[in-house]
Amino acid sequence: MSGSNKAQIDLWNGRVGEKWAAMQVSLDAMLSHCTAELRARAGSVSGQRVLDIGCGTGETCTIWLDGGAQVTGVDVSAAMLAVAADRTDGKATLVQADASVWMGDAPFDLAVSQFGLMFFCDPDAAFATIAANVRPGGRLLFTCWRAAGENQWVTTPMGAIRNLLPEEPPPVPHAPGPFALADPDRLRGILERAGFADVAINPFDFPVCLASDGGVEAAVRFAMMVGPSGSALAEASQEVRAIAAERLKVALAPHDRDGLVTLGAAIWLIEATRSG
């Protein structure tokens, strides 16, 4: 694994990956609209070699398998890969590795990722490696978040709790994390330098599901565990967490529709072709 990515690897192969493995069902529901769009954009994968980067707990791996692909999933999280192994029942090749340096033994027809490519310290080097794993004329398809300010699922919870949190310096631009690839011009440059052509970066908006049942109470628990609000409260005292829960109830109540709580999400959906 790449030493330069060690902080992110330690995070995802530690408490965050373990949390995501435990919350697999809820997280799949959260992203279900995005997953459906990714599947539609992929089209037929029958007979193709598919590389699923940051495959996590295997939701997308199962889709490519059902479509008749030969699937290799790469992720740094042992806990999440264990869930993926159960879900794919030995039908996918699952590799615990840093995708920024991992090379397969033969080129892939399609490299695909759902929110798995925003965590590289050196994205130019990482995407060059990804390109090297794709055959000339093969495809790259992935999603990443647009700016945090465009994502209601981020701004609504964070707005409710921000003044409970210690002041922090402004985030480092383009630092590894959920919003590292939010700048489309920068992203296009990274992809073109890596060897991809016909780069299409299209906006896609969808409702993020914080609770499919259980209403506001369930949504509050979810927001206190996942996303920027979950990260911000991870080390908070019980007193602060109790106040945050009450603030989040008020903020999320207007978004409850008979137990279903959703907030808006804004992503880029990127398609490109490997030059050759």
Query raised in the report: Which of the residues spanning region 234-247 are within 27 Å of the chain's Cα centre (by Cα) and at pLDDT 95 or above?
Result: R241, A244, A245, R247
Report task. For region 219-239, state whether one or more residues are touching a residue at least 12 places away in the same chain (Cβ under 8 Å), surrounded by fewer than 21 Cβ atoms within 10 Å (Cβ to Cβ), charged (D, E, K, R) and on the phi < 0 side of the Ramachandran plot. Result -> no
Query - Where a residue in region 25-36 is under 17 Å from V112 (Cβ atoms) and its partner, wherever it lies, is hydroxyl-bearing (S, T, Y) and assigned to a helix (DSSP H, G or I), with Cβ under 7 Å and at least six apart - result: T35/T60
Query raised in the report: Where in region 1-59 are there helices (runs of 4 or more DSSP H), lying wholly inside it, with at least 1 residues that are of a type in the set (A, V, I, L, M, F, W, C) and touching a strand residue (DSSP E or B) at 6+ places or on another chain (Cβ under 9 Å)?
Result: 6-12, 24-30, 32-42
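Conditions tested, residue by residue: (1) touching a Phe, Trp or Tyr at 6+ places or on another chain (Cβ under 8 Å); (2) of a type in the set (K, R); (3) surrounded by fewer than 16 Cβ atoms within 10 Å (Cβ to Cβ).
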residue: L65; (1), (2), (3): no, no, no
residue: G73; (1), (2), (3): no, no, no
residue: S77; (1), (2), (3): yes, no, no
residue: V112; (1), (2), (3): yes, no, no
residue: F115; (1), (2), (3): yes, no, no
residue: D122; (1), (2), (3): no, no, yes
residue: F127; (1), (2), (3): yes, no, no
residue: I130; (1), (2), (3): no, no, no
residue: R135; (1), (2), (3): yes, yes, yes
Report task. Give region 201-218 a look and list any residue that's over 19 Å from the mean Cα position of the chain (by Cα) and touching a residue at least 40 places away in the same chain (Cβ under 8 Å), or say none. Result -> S212, D213, G214, G215, V216, A218
Query raised in the report: For region 115-202, which helices (runs of 4 or more DSSP H) that fit wholly inside it have 2 or more residues that are under 30 Å from D105 (Cβ atoms)?
Result: 123-132, 184-194
Report task. Working only within region 128-159, note down all residues that are polar (S, T, N, Q), within 30 Å of L263 (Cβ to Cβ) and touching a strand residue (DSSP E or B) at 6+ places or on another chain (Cβ under 7 Å). Result -> T143, N151, Q152, T156
Query raised in the report: Which members of region 54-63 meet the condition of being surrounded by 23 or more Cβ atoms within 10 Å (Cβ to Cβ) and either within 14 Å of Q96 (Cα to Cα) or basic (K, R) (or both)?
Result: C55, G56, T57, G58
Query raised in the report: Within the set of pairs 6+ apart or on separate chains, which have a first residue in region 132-147 that is in contact (Cβ under 8 Å) with a residue 60 or more places away in the chain and closer than 23 Å to A36 by Cα, a second that is of a type in the set (S, T, Y) and in a strand (DSSP E or B), and C-beta atoms under 7 Å apart?
Result: R139/T273; F142/S113
Report summary line: Filter region 93-107 for residues that are outside any strand (DSSP E or B) and without any contact (Cβ under 8 Å) to a residue 40 or more places away in the chain; the one that is surrounded by the fewest Cβ atoms within 10 Å (Cβ to Cβ) is D105
Query raised in the report: How do the pairs read when you match residues in region 170-188 that are closer than 15 Å to P228 by Cβ and in contact (Cβ under 8 Å) with a residue 24 or more places away in the chain with residues anywhere that are polar (S, T, N, Q) and part of a helix (DSSP H, G or I), using Cβ under 8 Å and keeping only pairs 6 or more apart or on different chains?
Result: P176/N5; P176/Q8
Query raised in the report: Looking at region 123-154, which of its residues are within 23 Å of M103 (Cβ to Cβ) and either at pLDDT below 95 or β-branched (V, I, T) (or both)?
Result: T129, I130, V134
Query raised in the report: Of the residues A7, A36, A40, which single one is over 28 Å from G137 (Cβ atoms), over 14 Å from the mean Cα position of the chain (by Cα), surrounded by fewer than 16 Cβ atoms within 10 Å (Cβ to Cβ) and not charged (D, E, K, R)?
Result: A7
Query raised in the report: Taking L110, is it at pLDDT 95 or above, assigned to a helix (DSSP H, G or I) and over 30 Å from L233 (Cβ atoms)?
Result: no
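The values are calculated or read from the model by the stated rules, or taken from the named source; none is laboratory data. Owing to the predicted nature of the structure, the values given are computational and were not obtained by experimental measurement. Using ideal geometry, Cβ is built from the backbone for each residue, glycine included, and neighbour counts are taken over all protein chains shown.
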